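*Asks:* Mind having a look at this structure? Questions to follow.
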Amino acid sequence: MLDDFVQLRRFLAREGCLDVYYMGRPFPDRNVVAVVLVLERGKGGLALYDGESRMPVVWKASYGGELIRFETPEALAFERGGIPLGELVDVYFAARSPEIRRHPSVASEPGEGLVPILTGRNLKPGWIDYD
């Protein structure tokens, strides 16, 4: 769903070589990820670094603004581990509660192996109400 940033990625790709440094979660008890972008004008390509690595995890000599991601074994296993949200509902910007609640794969009561669906009501400033 990061297509919201496609224009920014295309702009940065047109302007120069982009180094992306994934810094992880810098704030304790907050689910916030930090990324540092360094743009060198007049060049091309993209380098993606994981944390403090000195060598890029992903390097593209030619970059046009397409979505880039880490393809670690953990990330790939997570992606293969369930039903993609797009198979349950038509996703436009975010999943809409009425669509999700009506789908036969969604349970209305908590159960083993089930995870809560995040909606606007359970997203609070600085925390998520999982109850």
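Quick note: the coordinates plus some simple rules give every number you see, no bench work behind them. Since we're looking at a predicted model, the values are computed, not measured. For neighbour counting, all protein chains shown are included, and Cβ atoms are generated from backbone atoms with ideal geometry for every residue, glycine included.
*Asks:* I want to make sure I understand the PRE zone here: with the label point 7 angstrom from the Cα of Asn122 toward its beta carbon, which residues in the stretch 22-54 have backbone N atoms less than 17 Å away?
*Replies:* Only 31 pass the distance filter.
*Asks:* What ³J(HN,Hα) values, in whole Hz, does the Karplus curve 6.51 cos²θ - 1.76 cosθ + 1.60 give for the stretch 6-12 when θ = phi - 60°, with x put for Gly and Pro?
*Replies:* So the J values, rounded to whole Hz, are 4, 5, 5, 4, 5, 4, 4.
*Asks:* Right, something else. Net charge near Leu37: determine it from the other residues with C-beta under 12 Å of the C-beta of Leu37, scoring Lys and Arg +1 and Asp and Glu -1. All intermediate terms of the calculation are to be shown ahead of the outcome.
*Replies:* Values: positive: Arg9; negative: Glu15, Asp19, Glu40.
Spelling it out: positives minus negatives among the neighbours equals -2.
*Asks:* Can you order the peptides 29-41, 7-19, 102-114, 55-67 by their average number of other Cβ atoms within 10 Å per residue, highest first?
*Replies:* 7-19, 55-67, 29-41, 102-114
*Asks:* So if we plug the beta-carbon distance of Val38 and Glu79 into 1/(1 + (r/R0)^6) with R0 = 35 Å, what FRET efficiency do we get, rounded to 0.05? Don't jump to the answer; show the numbers that get you there.
*Replies:* Details: r = 28 Å, r/R0 = 0.80.
Rounded to the nearest 0.05, the efficiency is 0.80.
*Asks:* From the phi angles alone, apply the Karplus equation (6.51, -1.76, 1.60; θ = phi - 60°) to the stretch 45-62 and give each ³J(HN,Hα) in whole Hz, x where the residue is Gly or Pro.
*Replies:* Residue by residue, the stretch 45-62 yields x, 8, 10, 10, 10, 9, x, 9, 5, 8, 10, x, 6, 10, 10, 10, 5, 10 Hz.
*Asks:* Same structure again: Scan around Gly45 for amide H atoms under 5 Å from its own, H built in the peptide plane at 1.01 Å from N, and keep only partners 5 or more places away or cross-chain.
*Replies:* Leu18, Tyr63
*Asks:* Still on this structure, please answer the following. What is the sum of charges around Tyr21, taking Lys and Arg as +1, Asp and Glu as -1, for the other residues whose C-beta is under 10 Å from the C-beta of Tyr21?
*Replies:* Result for the local shell: -3.
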